[in-house]
Structure formats: C-alpha cells, structure tokens
Amino acid sequence: MARKQIQAQENISPNLIPMVDIMFLLLLFFMLGADMGQRELEEVKLPVAAQVVEDGDQPPKELPRVNANVYHDIPEGQTCSDFTPSKGHEGEGVCYNEDHWKIGIKGNEWNRMGEPIPGENPSGKNLHDYLLEQANMERNDPNNLTISDRKVMIRADRAALYGYVQRVMNACAEVGIYKVEIGAAQKMPDGPEVAHE
C-alpha cells in the first residue's frame with residue numbers, strides 16, 4: 001500500500017516590527033543622551049592670568065554651576081576672512097565677524113544680543129530667560145528673593161569679542177546671579193599654560 005506524503009509548507013519569517021521599535025528607541029536614547037552631555041565645556045583657549053585659583057569640588061548638596069562658553073565657531077563652508085593677527089600671540093589673532101562667535105550653555109547657543117540661534121537652541125529661550133530659569137533654582141533667602149545663589153562660570157576664548165562676555169555678565173546681573181567666575185589659564189614657568197577654572 002503506497003503512502004502519500006503530505007508536504008506542509010511553513011512560512012517562517014521573523015517578525016521585524018519589535019526589532020524596528022527597539023532600534024528607534026535606541027537611536028532616540030543615544031541622540032538625547034549625546035545632546036545633553038555635549039558643549040558643557042567647549043574647546044577654548046582661555047586667557048592667561050597672573051593669579052589663578054584652581055577650581056575645587058562643589059559641595060554635594062549644591063547644584064552644579066552653569067558653564068557659559070564664549071567661543072569661535074565658523075559656519076560650515078565659510079572661512080574667517082576677518083582674522084586680524086594679535087600682538088603677543090604668534091599664530092593667533094582676533095576674528096571680528098560677529099557671525100563666527102557664539103555664547104553656548106549646555107547645547108544652547110545665542111548670538112551677541114542674547115537671542116537664540118535658530119536650529120542651535122533646543123530650549124528656544126533667549127539668554128535672559130534661560131538664566132532666569134537657572135537662577136530660580138537657587139533662590140534660598142526668603143527675605144531677598146531677587147538674589148540667587150546659583151553660580152555661573154564664564155569661559156571665554158582669549159580672542160573673544162568682549163561684547164559677548166559682557167552680554168553674559170549683564171544677563172546674570174538682570175536675573176540676580178552675582179556669583180560669576182571667569183575661567184583662566186595660568187602660565188607655568190618655562191612650560192605650557194595650564195587651565196584653571
């Protein structure tokens with residue numbers, strides 16, 4: 001007696017929808033994680049000061065200070081044609097093109113007027129409002145709510161235009177932040193400059 005073999009066809013294909021969801025979640029996680037950690041301390045050549053105090057650790061219950069960076073950032077495809085050699089710093093100079101300078105705090109960037117740079121400011125706030133939000137985190141004196149205990153460190157490139165540093169200082173004063181520090185480098189005897197902030 002001949003037997004008929006029944007061939008069953010199975011459609012074995014993996015379900016890719018959960019894998020696509022996981023990939024999108026991982027991508028989102030890395031994008032947000034990278035954005036939060038970037039530009040806390042921009043690469044700047046700090047000015048040299050005769051007396052520099054090394055920055056110590058902050059007490060654990062104190063909020064970390066706000067680091068405001070004033071740095072030179074040439075837009076892609078442009079060159080720095082307004083670069084003027086400076087005295088005392090061989091091979092360095094000053095760029096007077098205001099479009100090449102930015103104020104940056106935690107991935108947010110502003111121009112010299114403290115207005116957000118489109119596409120480069122996730123908060124969407126101007127500099128004054130951003131610092132006001134930071135100042136409100138540490139208004140501890142109930143008798144004087146106009147003064148904040150929040151600290152701001154201004155790290156400006158040695159060739160930075162002073163108007164940018166002044167804008168940050170003015171915005172700090174307007175919102176009640178008076179604990180403002182300036183980052184500087186100390187020139188070691190017969191050696192390279194060492195950054196102290």
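The values are calculated or read from the model by the stated rules, or taken from the named source; none is laboratory data. None of the values given here were measured: they were computed from a predicted structure. Ideal geometry is used to build each Cβ from the backbone, glycine not excepted, and the neighbour counts take in all protein chains shown.
So Met113 ticks every box in (1) out of contact with any strand residue (DSSP E or B) (no Cβ under 8 Å at 6 or more places or on another chain); (2) surrounded by 14 or more Cβ atoms within 10 Å (Cβ to Cβ); (3) more than 14 Å from Ala68 (Cα to Cα) but one. Which box is left unticked? Only one criterion in (1) out of contact with any strand residue (DSSP E or B) (no Cβ under 8 Å at 6 or more places or on another chain); (2) surrounded by 14 or more Cβ atoms within 10 Å (Cβ to Cβ); (3) more than 14 Å from Ala68 (Cα to Cα) is unmet by Met113, namely (2). One residue alone among Met113, Met153 is in contact (Cβ under 8 Å) with a residue 60 or more places away in the chain and out of contact with any Phe, Trp or Tyr (no Cβ under 8 Å at 6 or more places or on another chain), and that residue is Met153.
For segment 4-12, indicate whether the set of residues that are under 30 Å from Pro64 (Cα atoms) and modelled with pLDDT of 70 or more is non-empty.
Checked segment 4-12: no residue is under 30 Å from Pro64 (Cα atoms) and modelled with pLDDT of 70 or more.
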